[in-house]
1. Report, in degrees rounded to the nearest 10, the 0 to 90 angle that the Cα long axis of helix 201-210 makes with the longest principal axis of the chain.
2. Given a Förster distance of 35 angstrom, what is the FRET efficiency for Asp73 paired with Cys285, based on the Cβ-Cβ distance and rounded to 0.05?
3. Using a basic spin-label model with each label point 7 Å from the Cα along Cα→Cβ, how many nm lie between Asp240 and Asp306?
4. To the nearest 10 degrees, how steep is helix 307-317 against the longest Cα principal axis of the chain, on a 0 to 90 scale?
5. As an exercise, use a Förster radius of 41 Å and the Cβ-Cβ distance of Arg268 and Asn154 to find the FRET efficiency, rounded to the nearest 0.05.
6. Ignoring everything but the protein chains, give the 1.4 Å probe accessible area of Lys279 in square angstrom, nearest 10.
7. Which pairs, out of Lys281/Lys319; Lys135/Lys298; Lys129/Lys289; Lys135/Lys289; Lys180/Lys276, put more than 30 Å between their alpha-carbon atoms?
8. Rounded to the nearest percent, how much of the accessible area of region 87-203 (1.4 Å probe, protein heavy atoms only) is carbon and sulfur?
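The values are calculated or read from the model by the stated rules, or taken from the named source; none is laboratory data. All values derive from a computational prediction rather than experimental measurement. Every residue, glycine among them, receives a Cβ derived from its backbone with ideal geometry; neighbour counts consider all protein chains shown. We work out accessible area using only protein heavy atoms, side chains counted, and drop any ligands, DNA or RNA first. Shrake-Rupley method; radii C 1.70, N 1.55, O 1.52, S 1.80 Å.
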Amino acid sequence: MLILAPMQGLTELLFRRAFHRCYPGAFDLAVSPFLSLTDGNLRNAGKKVEDVLPELNAGSMPVVPQVLGHNADGFVDLANRLNELGYSEVNWNMGCPMRRVAAKHRGSGILPFPDEVRSILDSVVPRLKTALSVKVRLGYISPDEIDAIVPILNDYPLASVTVHPRTGKQVYSGQVNLQKFSEILPSIKHRVVYNGDVCSVYDYRRIRSLFPAVKDVMIGRGALYNPLLPTQIRTECPDDFGPAAAAAPQGVPSAQQFIVALVDDILRLEISNQAKIRKIKEYWCLLSKALPGTEERKRRLLHADDLDAILRLIDEMTK
Ligand SMILES: Cc1cc2nc3c(=O)[nH]c(=O)nc-3n(C[C@H](O)[C@H](O)[C@H](O)COP(=O)(O)O)c2cc1C
């Protein structure tokens, strides 16, 4: 399975819909950017919750909502409301590296505290109406923190364990620790999803050949650097993917066409021009890597502050 990674502000509904329109079936599944327990009432809460409303996700890829938090009652409440919306699985975020999140033992900040992990799972799992999957890092400070977490995860019926083999302190930089990943992999009883730095077909093949037991790969930044990546993986690694592999890439939209489709969707949002500019620029930082041309030329867009000028630059660079 190829899974689109949750990326707050990036792999939100807007992106998932445009992606699915251009590359239907390229990702089997997406995990949504996290909902905090404070996002509360699903029907009335703001934009964050719209992201997983099933009626809005109808034209998108299947999604598993992700929840961030460590309050067991709040978790059960939110997960069971998601179940009422039709979701059969929720994902627990045990990987977020942001300091203000981790400081409260949320995200990867819970990994140095295995007793807390056990106590939350003890309280949450029997009360959930959905299946539960988790997304973890190797630790917050030390990659060895995972050693005490795995036996706990093994004691509960989890749908999958996604491992991003970095520590929280590393955030997204430095190397992924494949040595440590290979050490813990045999001890995880659940289906393991690998996540981290898969940005090319080569990277994908390398992970699959290093870890044949891992059948599922989650891709984040790689899909923004090159939106064709999951399609290319399916085409070039047909042994992994059934009949879908035969369908690409003839007639598949180019990265340029995808960027134009996404920008069109941003322009249709009911938000101010300033907010549209901010959003286009956030995506541009990653998506422009898919385009030919010099970095200096691509940076011109980031310095522009007028929507028409930005659209002209996009037009020039996506021709
Ligand atoms: C801007 C940004 C936002 C992210 N938001 C989330 C999130 O909401 N939940 C989560 O579990 N991981 C989040 N991540 C981590 C990604 O899901 C993923 O684990 C990470 O980017 C490594 O995978 P990649 O190398 O394929 O990008 C975020 C990453 C980035 C860069």
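1. The answer is roughly 20 degrees.
2. The computed FRET efficiency comes out at 0.35.
3. 4.6 nm
4. 80 degrees
5. The formula returns an efficiency of 0.30 here.
6. For Lys279, solvent-accessible area is about 40 Å².
7. Lys135/Lys298; Lys129/Lys289; Lys180/Lys276, as the Cα separations exceed 30 Å there.
8. 54 percent
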